[in-house]
1. What number of residues within the stretch 33-55 are closer than 23 Å to Cys98 by Cα and loosely packed, with under 12 Cβ neighbours inside 10 Å?
2. Could you grab me the full set of residues in the stretch 12-32 that are in a loop (DSSP other than H, G, I, E, B) and either at pLDDT 95 or above or surrounded by 15 or more Cβ atoms within 10 Å (Cβ to Cβ) (or both)?
3. Among the candidates Pro85, Pro56, which residue alone is out of contact with any strand residue (DSSP E or B) (no Cβ under 8 Å at 6 or more places or on another chain) and either among the hydroxyl-bearing types (Ser, Thr, Tyr) or under 14 Å from Ala28 (Cα atoms) (or both)?
4. For the stretch 86-96, which positions are in contact with a Lys or Arg (Cβ under 9 Å, 6 or more places away or on another chain) and either loosely packed, with under 13 Cβ neighbours inside 10 Å or over 19 Å from Arg64 (Cα atoms) (or both)?
Amino acid sequence: MAEKKRDKPIARTTKGKGANYRKTSEGAGMTKKGVAAYRKKNPGSKLQTAVTEDNPTGKRAKRRKSFCARSAGQTKQFPKAAKDPNSRLRQARKRWKC
């Protein structure tokens with residue numbers, strides 16, 4: 001049986017034009033370009049960028065509330081990361097304004 005050729009993952013670059021992920025110091029998470037690359041590779045995907053505005057309304061407010069609730073669980077599961085102000089978890093929660 002022939003093996004299936006694996007697709008290449010989205011490049012995890014954090015520098016230059018092809019930056020798909022933010023550095024931890026910049027708030028972690030995917031960039032707009034990274035989300036676009038992922039959605040191009042995965043048709044039908046509903047991946048979106050972070051909700052970073054101060055007072056989102058409607059669906060964006062619900063997404064933020066949901067993310068904050070999920071990531072709050074992660075802080076309980078990984079207390080070491082929750083205490084480190086430079087962890088990706090803390091930086092992402094800060095970016096989402098949780």
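1. Count: 5.
2. Those that are in a loop (DSSP other than H, G, I, E, B) and either at pLDDT 95 or above or surrounded by 15 or more Cβ atoms within 10 Å (Cβ to Cβ) (or both): Thr14, Ala19, Asn20, Arg22, Gly27, Ala28, Gly29, Thr31.
3. Testing whether each residue is out of contact with any strand residue (DSSP E or B) (no Cβ under 8 Å at 6 or more places or on another chain) and either among the hydroxyl-bearing types (Ser, Thr, Tyr) or under 14 Å from Ala28 (Cα atoms) (or both) leaves just Pro85.
4. Scanning the stretch 86-96 gives a single hit, Ser87.
Conditions (1) within 22 Å of Gly34 (Cα to Cα); (2) in a loop (DSSP other than H, G, I, E, B); (3) free of Cβ contacts under 8 Å to residues at least 60 places away in the same chain, marked per residue:
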position: Val51; (1), (2), (3): yes, yes, yes
position: Asp54; (1), (2), (3): no, yes, yes
position: Ser66; (1), (2), (3): yes, no, yes
position: Gln74; (1), (2), (3): no, no, yes
position: Ala82; (1), (2), (3): no, no, yes
position: Pro85; (1), (2), (3): no, yes, yes
position: Lys94; (1), (2), (3): yes, no, no
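The values are calculated or read from the model by the stated rules, or taken from the named source; none is laboratory data. Here the structure is a predicted model, which means the values were calculated and not measured. Note that we place each Cβ from the backbone using ideal geometry, even for glycine, and neighbour counts take in every protein chain shown.
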